[in-house]
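Student: Could you have a look at this structure, given as structure tokens, before my questions?
Bear in mind that the values in this text are calculations on the coordinates, not laboratory data. Quantities reported herein were computed from a predicted structural model and do not represent experimental measurements. Note that we place each Cβ from the backbone using ideal geometry, even for glycine, and neighbour counts take in every protein chain shown.
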Amino acid sequence: MKQQSIALGKPRLFIRLGFITTFKDLFSGNLAKEEIQKLLRKFIVPIASILLFLGLWHMGAKALYNIEADFRINKALVERGQEAADAEAACIDSGDITCQPNSLPSPAQVWNSYKSLLRDHSIITADKKAFVVKTAALNEKRIAQGKDPIVYTGRPSFVDQILRSLKTVFAGFFLAFLVAVPLGIFMGLSPTLKSAFNWFIQIFKPVSPVVWYLLVFMIVKTVLIDSSEDSSFTISFVSVGLCSMWATLVNTAVGVSSVDKDYLNVAKVLKLGSFQKIFKVVLPSSLPLIFTGLKITLSVAWMVLIAIELLAQSPGLGLFVWEEFQNGANDSNSKIIVAMFLIGLIGFLLDRLMLMIQNAVSFNKSQAI
């Protein structure tokens, strides 16, 4: 019994002390077979799969590089002769950026582009600070005269564009929450209202983000026709909210309509008012399904954001990817892949954030997906 309790305690010890204790037990032979398998599944296998992925990526990038290099050399040979082909080959071998094949970048090139983007952010941040200091006195005079201050209009850095995208997606998510959750509650409580809105949901739920963007653009450009504010942010977050709210709307309606009738009968016996019934009985019971819808909504919002930012010309990750694609520079492809990895990583972190919030407020942790 004592040995069993010690064995059961080791995973907890592993969680508390981390790698050091676990690897010490591994090399000393104190780990059980099940614990070794668990260690392999949790750490060794993922690390090995990452290394395999990087290796395959490197080999694929090298193969594509060689294909394009050979094509250029052969093209120079056919069109301009042997001397031009030798010159092309020498230029490619020299590493000169002006004649490098522009194919799939290697992991090393992507990493260098990531560091380059961070350096650009530092430079642009320093320029912004210098601009603020330089125009401080002039802006004070302009504000005193009732004029608008002079603002920095230089290009945003990669980090600034990430922050702009996060701001847009959270604004759209909040809009979806404000629309979908109350409407879903009313639909779940009222079969008549559910029947009235069902056609609306079934027709507009599959609509493409591009079409939603065009519809929002028609409305916002008219509403803000006399406004000097940048409408691209408003168009972007409203479009994101309308595209992504459907999962929350449907899940909320299903969760509310499936609340145990005994709970509703108890609410009647206690003579709870409508709002008390909703906040004390209906919402706690349907919270797991509502959060499942919110998680899907946030994921969809982050996915459609890229296309909508591109269309709205809003300075975020979507516009960054499109501009790099049109730029066609030698490091553009690697910068696009940097953005791709960061988009995926941020999407994963947003999903984990929603799961943490769900576990914090849900009374039934087992239903947190």
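Student: Please work out the Cα center distance from region 259-301 to region 156-175, rounded to the nearest Å.
Tutor: Distance between centres, Cα-based: 31 Å.
Student: How high is the relative contact order of the chain, given as a whole-number percent (alpha carbon pairs under 8 Å, six or more residues apart)?
Tutor: 17 percent
Student: Apply the Karplus parameterisation 6.51 cos²θ - 1.76 cosθ + 1.60, with θ equal to phi minus 60°, to every residue of region 243-248 and state each ³J(HN,Hα) to the nearest whole Hz, in sequence, with x for glycine and proline.
Tutor: 5, 9, 7, 5, 5, 5
Student: Can I ask one more? Could you tell me which of rounded, prolate or oblate describes region 40-144, using a ≥ b ≥ c as the square roots of the eigenvalues of the alpha-carbon gyration tensor, with rounded for a/c under 1.5 and, failing that, prolate when a/b is larger than b/c and oblate otherwise?
Tutor: oblate
Student: Further question on the same structure: Only Cα pairs under 8 Å and at least 6 apart count here; give the relative contact order of region 212-369 as a rounded whole percent.
Tutor: 25 percent
Student: For region 256-330, rounded, prolate or oblate, judged on the Cα gyration tensor with a ≥ b ≥ c (square roots of eigenvalues), a/c < 1.5 rounded, else prolate if a/b > b/c?
Tutor: prolate
Student: Among all the aspartates and glutamates, which ones have a C-alpha under 16 Å from K38's C-alpha, if same-chain residues fewer than 8 places away are not counted?
Tutor: In chain and number order, the partners are D25.
Student: Longer than 23 Å from Cα to Cα, which of K194/K221; K221/K295; K167/K295; K147/K167; K141/K167; K167/K221 are they? Say none if no pair is.
Tutor: Beyond 23 Å between Cα atoms: K194/K221; K221/K295; K147/K167; K141/K167.
Student: Just flag the trypsin sites (Lys or Arg not before Pro) in region 254-315 sitting in loop per DSSP whose Cβ has no more than 10 other Cβ atoms within 10 Å.
Tutor: K271
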